[in-house]
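S.K.: There's a structure below that I have some questions on.
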Amino acid sequence: MAKTNTKPEMRFKGFKEDWEEKDFEQVFSNVSNNSLSREKLNYVRGIAKNVHYGDILVKFNEVLDVEKNVLPYISDNATVEKLKNSFLKDGDIIISDAAEDEIVGKCVELLNVNNEIILSGLHTIAVRPKQKFAPRYLGFYMNSNSYHDQLLKLMQGTKVLSISKSAIKNTVIRSPKSEDEQLKIGNYLESIDKLIAQHKQKHDKFKIIRIAMMEKMFPKVGTDLPEIRFNGTKEKWLKFNLGQVAPIRGGFAFKSNKFKKIGVPILKISNILPSGEVGGRFDFYDEQTQDENIFLPNNAAVLAMSGATTGKVSILKIENDKKVYQNQRVGYFENKGVVDYNFISILLRSALFSDKMSSVLVAGAQPNVSPKEINAFEFYMPQNSDEQKKIAAYFNNLDELIRNNNTQLIKLSNIKKGCLTKIFL
């Protein structure tokens, strides 16, 4: 298991010593856990707090700050009394020993336990370092590929993967000899996490604002006026059928055996993602055609009419106005120029539209929707085109803020992944 190289690729200035490698048992001693199910925990009151494996897998980062994170309580006196010698401390590691995929082994390092009574819960392996490590180092290291890759061949199971206490003893722990270097690593990665958290908070805030403003700037069901309007607009909104202003158009049934790796991209239902974006792997077609009915314009509002994302609307963004083919079961809301198309695009990505879509969606192994029913959807719109444009501009600006924050989140996540690869041995 020993590595031939003894120094990581990325290093802080002033540190040159070889890293050390120790067997898991040399570094850790075991701490007992409980087997309480989620149903036996609560978030109101209790004697002790509990770290459940499910929260490790989906809720907590590498470092679990007890002061900042909410943990469920244990109210069972007998369980707490039985484990009175297993109360957790700062620096302890809690490993999830079961999961549905290779995330099994994800762990947290405890921080700021203070006077709290914390216990390790169901499907966890709790361990305590025998030697002193700088705060956060082990949490980040043991969630990096450098350590987690050691667990892959030790996992057992098919539908549910698991790792045992005896198996995990076959891993090694690598670390700088200098506690100062450990501290710099932990602090640096923590600073990236803080930036990610800040952008995530902004991202979530903008999304909440968007939902709230959609409810207030469009008329509620049964009314013809919104709650919030731009200054100077007073006219009642007009009822219209979607098919009157932006009828849905179907695509062309391209033969999959003629798909190519280069050529004109084909927008398929699989390219309309759950996030509402257009992406994924594109297929291409190399035969040019002059049939304008199967080309999609830039900023086209497109709908998945079957498949996993049935009913999802996305806005197609095409660089340099290149041509994109429209595949079958992809619906395009045609721009008839009757209403500002940006306003229609915003409406199509609202709860008003998704609620109507839910009412006509045919469920089953291959869910689908009918163009005739979609064209019959009734909505309200401002009579004044300037009001239509102002509403569209407001939400487009908000969407741009959400996209920019999401881009930053992706960049920061990629930076963290790169650092986790290069900063550890």
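S.K.: Determine whether Leu303 is within 25 Å of Lys389 (Cβ to Cβ), in contact (Cβ under 8 Å) with a residue 24 or more places away in the chain, among the hydrophobic types (A, V, I, L, M, F, W, C) and crowded, with 22+ Cβ neighbours inside 10 Å.
M.R.: So Leu303 passes the test.
S.K.: Just to be sure, is Lys236 touching a Pro at 6+ places or on another chain (Cβ under 7 Å), of a type outside the set (A, V, I, L, M), surrounded by fewer than 18 Cβ atoms within 10 Å (Cβ to Cβ) and more than 20 Å from Arg403 (Cβ to Cβ)?
M.R.: When the stated conditions are applied, Lys236 does not pass them.
S.K.: Would you check if Ile262 is touching a residue at least 12 places away in the same chain (Cβ under 8 Å) and either in a helix (DSSP H, G or I) or loosely packed, with under 15 Cβ neighbours inside 10 Å (or both)?
M.R.: Against the criterion (touching a residue at least 12 places away in the same chain (Cβ under 8 Å) and either in a helix (DSSP H, G or I) or loosely packed, with under 15 Cβ neighbours inside 10 Å (or both)), Ile262 qualifies.
S.K.: Name the helices (runs of 4 or more DSSP H) wholly inside the range 301-381 in which the number of residues that are out of contact with any strand residue (DSSP E or B) (no Cβ under 7 Å at 6 or more places or on another chain) and either closer than 30 Å to Gly263 by Cα or modelled with pLDDT under 95 (or both) is 3 or more. Steps first, please.
M.R.: Values: elements: 341-348, 351-360, 371-375.
Because the criterion is at least 3 residues that are out of contact with any strand residue (DSSP E or B) (no Cβ under 7 Å at 6 or more places or on another chain) and either closer than 30 Å to Gly263 by Cα or modelled with pLDDT under 95 (or both), the helices (runs of 4 or more DSSP H) in the range 301-381 that meet it are 351-360.
S.K.: So Tyr188 ticks every box in (1) within 20 Å of the chain's Cα centre (by Cα); (2) at pLDDT 95 or above; (3) farther than 25 Å from Phe395 by Cα but one. Which box is left unticked?
M.R.: (1)
S.K.: While we're on this one: Scan the range 265-300 residue by residue and report those that are basic (Lys, Arg) and without any contact (Cβ under 8 Å) to a residue 12 or more places away in the chain.
M.R.: Arg281
S.K.: Then there is this: Determine the pairs where a residue that is in contact (Cβ under 8 Å) with a residue 12 or more places away in the chain and on the phi < 0 side of the Ramachandran plot, located within the range 66-83, has a partner that is basic (Lys, Arg) and assigned to a strand (DSSP E or B) with Cβ atoms under 8 Å apart, the partner being 6 or more residues away or on another chain.
M.R.: Close Cβ pairs satisfying both conditions: Val66/Lys49; Leu71/Lys49; Pro72/Lys49; Tyr73/Lys49; Ile74/Lys49.
S.K.: Take the range 343-395 and flag every residue that is surrounded by fewer than 18 Cβ atoms within 10 Å (Cβ to Cβ), within 28 Å of the chain's Cα centre (by Cα) and of a type outside the set (A, V, I, L, M).
M.R.: Ser354, Asp355, Ser358, Ser359, Gly364, Gln366, Pro367, Asn368, Tyr394
S.K.: Looking only at residues that are among the acidic types (Asp, Glu) and farther than 26 Å from Ser413 by Cα in the range 191-225, which one is surrounded by the fewest Cβ atoms within 10 Å (Cβ to Cβ)?
M.R.: Within the range 191-225, the match that is surrounded by the fewest Cβ atoms within 10 Å (Cβ to Cβ) is Asp224.
S.K.: Can we say Val63 is more than 19 Å from Val127 (Cβ to Cβ), under 31 Å from the mean Cα position of the chain (by Cα) and among the hydrophobic types (A, V, I, L, M, F, W, C)? Lay out the reasoning, then the answer.
M.R.: Details: more than 19 Å from Val127 (Cβ to Cβ): no; under 31 Å from the mean Cα position of the chain (by Cα): yes; among the hydrophobic types (A, V, I, L, M, F, W, C): yes.
Criteria not met by Val63.
S.K.: Being within 33 Å of the chain's Cα centre (by Cα) and either outside the structural domain of Met142 (by TED's automatic domain parsing) or not charged (D, E, K, R) (or both) is the requirement here; does Lys258 meet it?
M.R.: no
S.K.: Hey, does the range 97-107 have a residue that's in a loop (DSSP other than H, G, I, E, B), within 29 Å of Asp180 (Cα to Cα) and either among the charged types (D, E, K, R) or not assigned by TED's automatic domain parsing to the domain that holds Lys159 (or both)? Even if it seems obvious, please write down each step before you answer.
M.R.: Here is the first cut: in the range 97-107, the residues in a loop (DSSP other than H, G, I, E, B) are 97, 100-106.
Subset that is within 29 Å of Asp180 (Cα to Cα): 105-106.
Checking the rest, the ones that are also either among the charged types (D, E, K, R) or not assigned by TED's automatic domain parsing to the domain that holds Lys159 (or both) come to 106.
Yes.
S.K.: Something else now. With respect to the numbered conditions (1) in contact with a Lys or Arg (Cβ under 8 Å, 6 or more places away or on another chain); (2) surrounded by 13 or more Cβ atoms within 10 Å (Cβ to Cβ), which one is the sole condition not fulfilled by Ile228?
M.R.: Only one criterion in (1) in contact with a Lys or Arg (Cβ under 8 Å, 6 or more places away or on another chain); (2) surrounded by 13 or more Cβ atoms within 10 Å (Cβ to Cβ) is unmet by Ile228, namely (2).
S.K.: On to the next question. Please enumerate the residues belonging to the range 18-60 that are within 22 Å of the chain's Cα centre (by Cα) and under 25 Å from Ala167 (Cα atoms).
M.R.: His52, Tyr53, Gly54, Asp55, Ile56, Leu57, Val58, Phe60
S.K.: Within the group Asn187, Asn170, which residue is in contact with a Leu (Cβ under 7 Å, 6 or more places away or on another chain), among the polar types (S, T, N, Q) and not assigned by TED's automatic domain parsing to the domain that holds Val339? If you could, list the steps in order and put the result at the bottom.
M.R.: Values: Asn187 fails: in contact with a Leu (Cβ under 7 Å, 6 or more places away or on another chain).
Asn170 is the lone residue from the list that is in contact with a Leu (Cβ under 7 Å, 6 or more places away or on another chain), among the polar types (S, T, N, Q) and not assigned by TED's automatic domain parsing to the domain that holds Val339.
S.K.: Just to check your reading of the model, which residue among Val360, Val330, Val339 is without any contact (Cβ under 8 Å) to a residue 24 or more places away in the chain and of a type in the set (A, V, I, L, M, F, W, C)?
M.R.: Val360
S.K.: Given Asp92, Asp65, Asp18, which one is of a type in the set (D, E, K, R), crowded, with 18+ Cβ neighbours inside 10 Å and either in contact with a strand residue (DSSP E or B) (Cβ under 7 Å, 6 or more places away or on another chain) or within 26 Å of Asn170 (Cβ to Cβ) (or both)?
M.R.: The unique qualifying residue is Asp92.
S.K.: Could you tell me whether any residue of the range 204-219 is of a type in the set (A, V, I, L, M), touching a residue at least 24 places away in the same chain (Cβ under 8 Å), under 22 Å from Leu57 (Cα atoms) and in a helix (DSSP H, G or I)?
M.R.: Step one: list which residues in the range 204-219 are of a type in the set (A, V, I, L, M), which gives 208-209, 211-214, 217.
Cutting the leftovers down to touching a residue at least 24 places away in the same chain (Cβ under 8 Å) gives us 209, 211, 213-214, 217.
Adding the requirement that they be under 22 Å from Leu57 (Cα atoms) leaves none.
Checked the range 204-219: no residue is of a type in the set (A, V, I, L, M), touching a residue at least 24 places away in the same chain (Cβ under 8 Å), under 22 Å from Leu57 (Cα atoms) and in a helix (DSSP H, G or I).
S.K.: Could you tell me whether Val108 is of a type in the set (A, V, I, L, M) and touching a Leu at 6+ places or on another chain (Cβ under 9 Å)?
M.R.: Here the answer is yes, as Val108 does meet what is asked.
The values are calculated or read from the model by the stated rules, or taken from the named source; none is laboratory data. Worth saying up front: this structure is predicted, and the values here are computed from it rather than measured. Note that we place each Cβ from the backbone using ideal geometry, even for glycine, and neighbour counts take in every protein chain shown.
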